[in-house]
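**Q** For reference, the structure I am asking about is given below.
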Ligand code: ZN
């Protein structure tokens with residue numbers, strides 16, 4: 001029975017927190033996936049639960065991301081939570097005194113310092129929850145996300161539904177012609193697709 005409990009602790013970060021509230025290091029959780037996969041909703045859900053547990057929570061997003069609202073992390077279902085826009089990842093270190101939990105949304109738009117910043121926060125006893133796009137519109141790993149996923153204790157990959165065939169979608173397909181990597185458009189500018197439909201729409205037939 002003891003070994004079974006230990007396995008459960010590794011699988012569920014909330015269990016670690018519950019069972020070992022003092023003298024612990026922090027850790028890193030990553031929530032990743034395509035657009036429309038519910039990443040931000042899951043981030044907000046975890047942060048609200050942390051607040052219910054009387055944890056002091058701070059939320060950051062890159063200042064570049066102003067699609068919906070300057071101050072709030074806003075998800076597509078209009079669930080929202082107060083956040084602070086920051087110009088660079090290192091700014092987060094200056095704004096996290098006496099914090100138990102740090103939430104970071106749209107992590108793919110941060111600079112390459114973000115993994116080191118998150119590592120420092122976790123080593124200082126802070127639970128770090130990161131949400132971001134794991135791939136860009138070309139299907140390539142996005143910004144600091146690969147490093148964050150490698151360093152995290154826990155990675156959750158969430159999926160959207162393919163707009164073509166209804167399968168699970170992991171790609172974000174851009175519907176308008178624009179070669180800029182960062183194009184903060186309206187939701188109509190993108191659609192989630194599965195591997196097969198993504199390859200077809202990009203004229204790269206899926207290998208047999
Ligand atoms: Zn599909």
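**Q** Among 177, 61, 201, what is the fewest-to-most ranking by other Cβ atoms within 10 Å?
**A** Working: 177 5, 61 26, 201 15.
By the 10 Å Cβ count, ascending, the order reads 177, 201, 61.
**Q** Could you give the length gained on full extension between residue 113 and residue 98, defined as 0.36 nm per residue of separation minus the Cα-Cα distance, in nm?
**A** Extending this stretch completely gives an extra 3.2 nm.
**Q** Can I ask one more? Please give, to one decimal in nm, the separation of the simple spin-label points placed at residue 202 and residue 188, each 7 Å out from Cα toward the Cβ.
**A** So the two model labels end up 2.5 nm from each other.
**Q** Please work out how much length the chain gains when fully extended from residue 176 to residue 123, using 0.36 nm per residue of separation minus the C-alpha to C-alpha distance, in nm with one decimal.
**A** 14.9 nm
**Q** Relative to a virtual label point 7 Å from the Cα of residue 161 in the Cα→beta-carbon direction, which members of region 103-142 show backbone nitrogen distances below 20 Å?
**A** none
**Q** What residues from region 189-205 fall in the zone where the backbone N is under 19 Å from a label point 7 Å along the Cα-to-C-beta line of residue 168?
**A** Correct set: 192-199.
Any read-out appearing in this document is the output of simple, stated calculations on the displayed coordinates, not a laboratory observation. For clarity, every value in this text was computed on a predicted model and none was experimentally measured. Cβ sites come from the backbone with ideal geometry, for glycine too, and all protein chains shown count toward neighbours.
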